[in-house]
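The values are calculated or read from the model by the stated rules, or taken from the named source; none is laboratory data. Just so we're clear, the structure is a prediction, and the values are computed from it rather than from any experiment. Cβ placement follows ideal geometry from the backbone for every residue including glycine, while neighbour counts extend to all protein chains displayed. Remember, those area values only see protein heavy atoms, side chains included, never the ligands or the DNA or RNA. Shrake-Rupley method; radii C 1.70, N 1.55, O 1.52, S 1.80 Å.
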Amino acid sequence: MVAENNADIAGHVKTARTALIGIFTLLIIAAIYFARDFLIPVVLALFIAMTFRPLVRRLADYHIAPWITALGFGATLVLSALLAGYFASGPIAGWINDAPEIQRALTEKAHELRLYFGRLIHVAEQIEVATTATSSAEVQEVVVQDGSMLGMLSQYAGQPLYVFFTLAATVILAIFLMASGDLFYAKLVKVLPTLSEKKKALRIVYDVESDVSTYILTVSALNAGLAIAVGIAFYVLGMPTPFLWALMAFILNFIPYLGPLVGVSLTFLVGIVVFDTFAAALLPPVAYLALVGIESEVVTPLFLSRRLALNSVAILLSLAFWAWAWGIVGIIIAVPMLVTLKVFCSHVEKLAALGEFLGEADVSPAENGAVAPD
């Protein structure tokens with residue numbers, strides 16, 4: 001009887017613990033969504049600080065004050081953004097001014113493509129009628145609607161003051177975080193009670209900082225190389241404003257899967273307007289897709305540690321969640337958030353299973369207990 005009561009109590013405790021975890025998770029999700037105006041600059045600043053903190057610490061060993069290095073990195077980021085915006089503003093303004101002409105040309109090319117594919121469909125119908133006694137062919141109209149990404153971009157474009165103050169708050173907070181030195185780590189060590197917990201906490205913090213910094217800097221460098229390659233390729237192919245395409249490739253490649261898809265689609269649409277033949281219009285998207293494929297399948301695995309490789313399912317889920325919560329900013333920070341969580345889980349034994357799921361699958365049939373077919 002006593003054993004049964006103990007089992008019932010243990011079951012109720014487990015159920016209550018599970019319910020509390022579920023409620024706490026829902027509260028966190030609600031806080032992420034409803035407090036996004038406050039959290040977005042904070043999270044962006046944290047990632048900027050984590051990216052440059054190892055460099056700030058290394059330069060401090062050469063007696064360079066952290067606040068000087070922090071100001072230097074902050075000024076470099078602002079100057080880079082201003083230069084990119086300045087050089088891109090001319091081409092963007094040109095595209096906006098030529099929008100009616102571009103729309104007219106795109107409509108004409110779309111009509112030509114419709115006629116071309118209409119003839120192919122007619123030929124296919126004739127072949128089907130000739131080979132089948134009873135057949136029916138139905139042509140469905142495909143309607144392309146504006147995606148949610150365009151809607152999110154238009155929302156940001158309609159709120160320039162919000163974007164400006166968000167970016168300004170992000171940079172200022174990042175500078176303060178970088179200039180604070182190891183103050184946060186010192187406070188963390190002081191709060192924890194035992195020496196082993198202090199050591200473990202510092203190891204986790206430094207590893208997360210180091211891995212996130214390595215990931216962001218490596219991916220940024222690889223995206224910059226891709227941008228240069230895209231700019232050169234589009235200049236050779238005769239695409240207008242190759243610098244703008246290079247900048248677009250650099251930004252879009254931070255977004256796995258969706259970014260390259262958007263880039264290929266845009267280059268195809270512009271290629272249809274710019275070039276006279278359908279074959280010539282295919283060259284820019286094919287070149288873009290080839291360069292992205294080489295970068296993602298060949299170059300990135302060479303430079304990025306496999307320990308930071310992520311599961312594609314986890315990436316898609318992270319993109320979907322953060323796009324819902326924070327829009328375009330969420331899409332950009334989705335993968336760095338996932339990397340941070342994976343590194344953190346690798347140091348916490350109870351979260352090891354979650355870290356294993358987030359990592360890229362690397363299980364051979366022999367390791368999995370499977371037997372290969374003869």
I'd like to check one number: the per residue accessible area of the stretch 29-97, probe 1.4 Å, reported in Å² as a whole number. 61 Å²
Stretch gain in nm, segment ILE204-THR218, where the contour uses 0.36 nm per residue and the Cα spacing is subtracted: 3.0 nm
dims of the stretch 211-286, Cα set, principal axes, largest to smallest, nearest Å -> 48, 22, 15
Would you mind checking which residues have amide H under 5 Å from LEU310's amide H? H placed 1.01 Å from N; only 5 or more apart, or other chain. GLU360
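Rank LYS198, LYS350 by accessible area, highest first, at a 1.4 Å probe radius? Before the final figure, lay out the partial values.
Working: LYS198 45, LYS350 195 Å².
Ranked list, largest accessible area first: LYS350, LYS198.
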Not counting ligands, DNA or RNA, and with a 1.4 Å probe, what is GLU209's accessible surface area in Å² rounded to the nearest 10? 10 Å²
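What's the carbon and sulfur percent of the stretch 11-81's accessible surface, probe 1.4 angstrom, rounded to a whole number? Display every interim value, and only then the final one.
Working: 3630 of 4680 Å².
Carbon and sulfur: 78 percent of the exposed surface of the stretch 11-81.
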Rounded to two decimals, what is Rg over Rh for the stretch 180-311 when you use alpha-carbon atoms and the Kirkwood radius? 1.22
If you roll a 1.4 angstrom probe over the protein chains with everything in place, what fraction of the accessible area of the stretch 200-254 belongs to carbon and sulfur, to the nearest %? 76 percent
Could you give the nm distance between label points at PHE176 and PHE38, where each point is 7 Å from its Cα heading toward the beta carbon? 1.4 nm
Out-of-range pairs (alpha-carbon distance over 24 Å; input LYS14/LYS200; LYS14/LYS342; LYS199/LYS350; LYS190/LYS342; LYS198/LYS342; LYS14/LYS190): LYS14/LYS200; LYS14/LYS342; LYS190/LYS342; LYS14/LYS190
